[in-house]
Amino acid sequence: MEHVEERRTAKCTRVTQLQYYAYRISQQNGFSILHNSALDSESKIRSKDDIDKFVSAELPDPCTDLRLFQIVTKCMVHGPCGTTNINSPCMRDGQCCKSFPKQFKDDTEENVNGYVIYRRRTTEPVQVGKYSIDNRWVVPYNPWLLKKFNAHINVEVCASVKSVKYLYKYVYKGHDAASVKIQKEGALDHDEILSFDEGRHVSALEAMWRLNEFNSSHKSHTVVRLAVHLPQQQPIVYQDGQEAQAIERAALRKTKLTSWFELNKNYPSAHNISYSDIPQ
């Protein structure tokens, strides 16, 4: 599994400059799904140009990159659906549940209700199978990843802190569960609380994953939050009747935060050492 982690880290480093990462493997639907967050201060997406650098939602020019054009038209075209194909699996009540076809857009637009509206410029349609396709039908992708794996890889911009919250929800939500009801044939039992029991659900793929002792989650660094306080306002523990003595002791004692500041003030070399490595 260590080799798998190294390869995954190498792929993230190729797309962005990797500084730290965390991931969670989920098999809820019977398939292995990777929820991954890889970050670097210099690679954070801050502008429309940064978005266009990592994600494209347009058909590439076949004259410039024929291989990428072939992969996009084979793997990254949605549907078609709508009036073109009302029997498409994505159709719900006469509408595409993925909101295709998208609208043409000359420039990428950031943070529209928490989402990115990708650039989809108006171009001449191309023939893909029996359908005529333009940029409105392209699923967002990263060109390098697409050419590396030659497969469907949907890449979306998730640059807010909510993406980290979403990732760790999967880390700590516990195992999959299924509700089981046991009832004698022909018997009527309306006590739903007593009739249902929570049981653990393990798919075949997850069983294989755990039998091989693969990691279900991993992170490169552990983040430790300092106990932050204002000057002379650190928390004090005292017993009734000994408040004055507790205040005197606290005035002479250094806290973790003040010790951290003093260390960095007196020893500039400590600026390059993480908090967790200081005791070493």
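Rule-based calculations on the coordinates, nothing more; no lab input. Just so it is clear, the model here is predicted, and its values are computed rather than measured. Neighbour counts are summed over all protein chains in view; Cβ atoms, including those assigned to glycine, are modelled from backbone coordinates with ideal geometry.
Numerical summary
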quantity	calculated
Sum of side-chain charges, Lys105 neighbourhood, beta-carbon under 9 Å (Lys, Arg +1; Asp, Glu -1)	+1
Computed FRET value (nearest 0.05) for Leu205 with Lys74, which takes r as the C-beta separation and R₀ as 25 Å	0.45
Cα-based convex hull volume of region 46-142 per residue, rounded to whole Å³	109
Cβ crowding within 10 Å averaged over residues, with 87-95, 120-128 ranked highest first	120-128, 87-95
Cα-based Rg of region 224-279 normalised by 2.2 N^0.38 Å, two decimals	1.38
Length added when fully stretched, Glu110-Lys98, from 0.36 nm per residue minus Cα-Cα	2.4 nm
Diffusion coefficient, µm² s⁻¹, Stokes-Einstein with Kirkwood Rh over alpha-carbon pairs of region 199-242 at 25 °C and 0.890 mPa s	152
From phi via Karplus (6.51, -1.76, 1.60), per-residue ³J(HN,Hα) for region 58-75 in Hz, x at Gly/Pro	10, 6, x, 6, x, 6, 8, 9, 5, 5, 5, 4, 5, 5, 5, 5, 8, 10
Violating pairs (Cα-Cα greater than 28 angstrom) within the set Lys105/Lys165; Lys219/Lys256; Lys53/Lys130; Lys105/Lys147; Lys102/Lys148	Lys105/Lys165; Lys53/Lys130
Length added when fully stretched, Thr84-Arg249, from 0.36 nm per residue minus Cα-Cα	51.6 nm
Highest to lowest packing among 136-149, 236-249, scored as the average C-beta count within 10 Å	136-149, 236-249
